[in-house]
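Here the structure is laid out as structure tokens; the discussion comes afterwards.
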Amino acid sequence: VLSLETMNPAIRKVEYAVRGPIVTRAQQLEQELRQGVPKPFTEVIKANIGDAHAMGQKPITFLRQVTALCLCPELLSSASFPEDAKARARRLLAACAGQSAGAYSASPGLELVREDVARFIQRRDGIPARSQDIFLATGASDAIVSILKLLVAGEGGSRTGVLIPIPQYPLYSAAITELSAVQLNYYLDEEHCWALDVAELRRALAQGRQHCCPRVLCIINPGNPTGQVQSRQCIEEVIKFAFEEKLFLMADEVYQDNVYAEGSAFHSFKKVLFEMGPPYSEVVELASFHSVSKGFMGECGFRGGYVEVVNMEPEVQQQLAKLVSVRLCPPVPGQILLDTVVNPPQPGEPSYQRFMAEKQEVLSALAHKAQLTQEIFNRTPGICCNPVQGAMYSFPRIQLPPRAQDAAKAQGQAPDMFFCLRLLEETGICVVPGSGFGQRQDTFHFR
């Protein structure tokens with residue numbers, strides 16, 4: 001019944017570079033090392049994916065304490081846990097059906113957590129937020145796909161076009177392919193620290209309108225894989241562009257805690273939109289995403305995240321509620337951990353000082369690594385790297401000699417994939433080729 005020929009052809013075309021063939025080879029090398037096969041290295045370093053804890057980052061104590069107390073309530077009688085962690089856990093358990101984290105929550109997530117997320121957004125932006133506009137999700141990825149599902153429609157020339165940055169996070173290209181939408185590339189400017197240029201957006205939009213119906217503009221800020229942080233002026237220009245061209249804005253803001261460069265600051269699209277005022281604040285439709293997987297938390301495995309929708313038609317919002325109900329609910333432990341992120345210890349509470357010290361230690365270490373990475377790459381012959389302003393990655397450009405490019409072609413590989421595979425085989429370092437994220441023709445990178 002099911003074969004490559006008869007299966008869904010859209011799924012066959014899906015690619016996801018950060019867990020692609022290079023990772024499969026890395027896993028094989030790990031197995032060979034365990035079996036005692038001699039290698040020129042003693043371990044495989046998996047720098048292919050933003051998995052902070054797998055790379056040695058320590059969990060934030062308070063986040064884990066509250067989650068542990070919710071999952072194992074008998075620990076509430078233990079003297080080993082601070083009282084504020086216990087209070088948070090009791091409050092969260094009271095919001096769970098049967099006072100158990102093992103019960104289903106409401107499909108958009110626990111109402112208590114959504115209210116805490118709304119308060120977090122309001123503190124961050126100084127703009128009111130409503131819990132009914134917030135949908136919790138299995139990480140930001142799940143929420144991004146849900147919003148894209150609402151937006152994709154039409155056939156042929158009326159098929160939905162989705163503008164995405166190049167380089168991009170491959171979730172976007174994979175989801176667009178899976179949904180049979182049309183991917184429209186706009187190129188970030190590598191010569192100007194991966195800046196977003198509205199003139200380039202106009203070019204991509206005009207080209208897209210020749211063969212599809214562009215309806216969506218995706219922004220990743222801070223950037224993945226490129227590590228740039230958008231200026232407030234740039235965000236205003238993007239919002240004006242979306243307003244003029246009647247585009248739905250999707251703002252991927254999962255790296256909002258990760259800003260390192262002097263003079264750079266995170267500005268949420270929602271904050272800028274509302275500070276611009278009417279007509280923009282009344283008309284531009286926006287979905288913004290956040291996650292517990294990155295930032296100072298790095299809690300990828302808990303799969304917690306949310307989307308906030310702004311200016312979405314109430315009838316469409318009801319359809320979104322219906323869509324998320326099909327999957328019953330996001331994982332409740334992920335919701336609990338998300339709540340500890342948006343509702344952290346406050347000054348005067350027992351856990352405050354330790355929490356702030358651990359948070360600052362992680363962010364300082366990431367800032368140091370960002371600077372170190374950039375400096376070392378720029379001292380290395382054949383490699384150049386833009387400043388890493390934010391997020392958790394660098395995206396250096398590599399110069400590959402003609403013989404290497406010819407060898408790659410002979411093996412049917414992209415030149416930067418050839419480079420990354422050689423790097424893995426000779427050093428045990430697993431990185432992802434730039435071709436997996438998209439890049440300008442005749443340039444080569446890795447993340």
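The values are calculated or read from the model by the stated rules, or taken from the named source; none is laboratory data. Because the structure is predicted, anything quoted here is derived from the model rather than measured. All Cβ positions, even for glycine, are placed from backbone atoms using ideal geometry, and neighbour counts span all protein chains on display. These area figures cover heavy atoms from the full protein model, side chains too; ligands, DNA and RNA do not enter into them. Shrake-Rupley method; radii C 1.70, N 1.55, O 1.52, S 1.80 Å.
So how much slack lies between residue 209 and residue 326, counting 0.36 nm per residue of separation and subtracting their Cα-Cα distance, in nm? Spell out each step's value before the answer.
Details: separation 117, 0.36 × 117 = 42.12 nm, distance 3.32 nm.
Working it through step by step, the gained length comes to 38.8 nm.
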Label-to-label distance, nm, for residues given as residue 316 and residue 45 (7 Å Cα→Cβ offset): 4.5
The chain, helix-only ellipticity at 222 nm - DSSP H runs n ≥ 4, -39,500 (n - 2.57), divided by all residues, nearest 500: -13000 deg cm²/dmol
Residue 58 versus residue 364: modelled label distance in nm, points set 7 Å from Cα along the beta carbon direction: 1.3
DSSP-defined antiparallel bridges as percent of all bridges, segment 111-342, nearest 5: 35
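With +1 on each Lys and Arg Cβ and -1 on each Asp and Glu Cβ, and nothing else charged, work out how big the dipole of the chain is about its Cα centre, in Debye to the nearest 20.
Values: 43 positive and 47 negative charges, 118 e Å.
That gives a dipole near 560 debye.
Leaving out ligands, DNA and RNA, what percent of the accessible area of segment 1-49 is carbon and sulfur, probe 1.4 Å? Before the final figure, lay out each step's value.
Values: 1920 of 3560 Å².
Within segment 1-49, the accessible surface is 54 percent carbon and sulfur.
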Euclidean distance between Cα centres, segment 176-221 to segment 61-112, Å: 43
Amide proton proximity set for residue 184, modelled H, under 5 Å, gap of 5+: 162, 163, 164
Residue 142 accessible area, 1.4 Å probe, all protein chains in place, Å² to nearest 10: 30
Backbone HN-Hα couplings from phi across segment 61-72 [Karplus 6.51/-1.76/1.60, Hz, Gly and Pro as x]: 4, 4, 4, 6, 4, 4, 5, 4, 5, 6, 7, 9
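Using the scaling law 2.2 N^0.38 Å as the reference, what is the normalised Cα Rg of segment 227-382?
Working: Rg = 18.7 Å, N = 156, 2.2 N^0.38 = 15.0 Å.
Here the Cα radius of gyration is 1.25 times the empirical estimate.
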Pairs beyond 32 Å (Cα-Cα), from 149/294; 13/39; 271/369: 13/39
Antiparallel bridge percentage (DSSP; both residues within the chain; nearest 5): 45
Gain on full stretching of the segment that runs from residue 75 to residue 357 - 0.36 nm per residue minus C-alpha separation: 99.0 nm
64, 422, 403, 232, ranked by accessible area, largest first (probe 1.4 Å): 403, 422, 64, 232
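With a probe of 1.4 Å, find how much accessible area the chain has per residue, and write the answer as a whole number in Å². Kindly include the intermediate steps, with their values, before the conclusion.
On the way: 20330 Å² over 447 residues.
Accessible area per residue: 45 Å².
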Accessible-area composition of segment 390-430, carbon plus sulfur, in percent [1.4 Å probe]: 54
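At 1.4 Å probe size, with the rest of the protein present, what percent of the exposed accessible area of segment 111-342 is carbon and sulfur atoms? Kindly include the intermediate steps, with their values, before the conclusion.
Details: 4170 of 8320 Å².
Within segment 111-342, the accessible surface is 50 percent carbon and sulfur.
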Prolate/oblate/rounded label for segment 111-342 (Cα gyration tensor, a/c 1.5): rounded
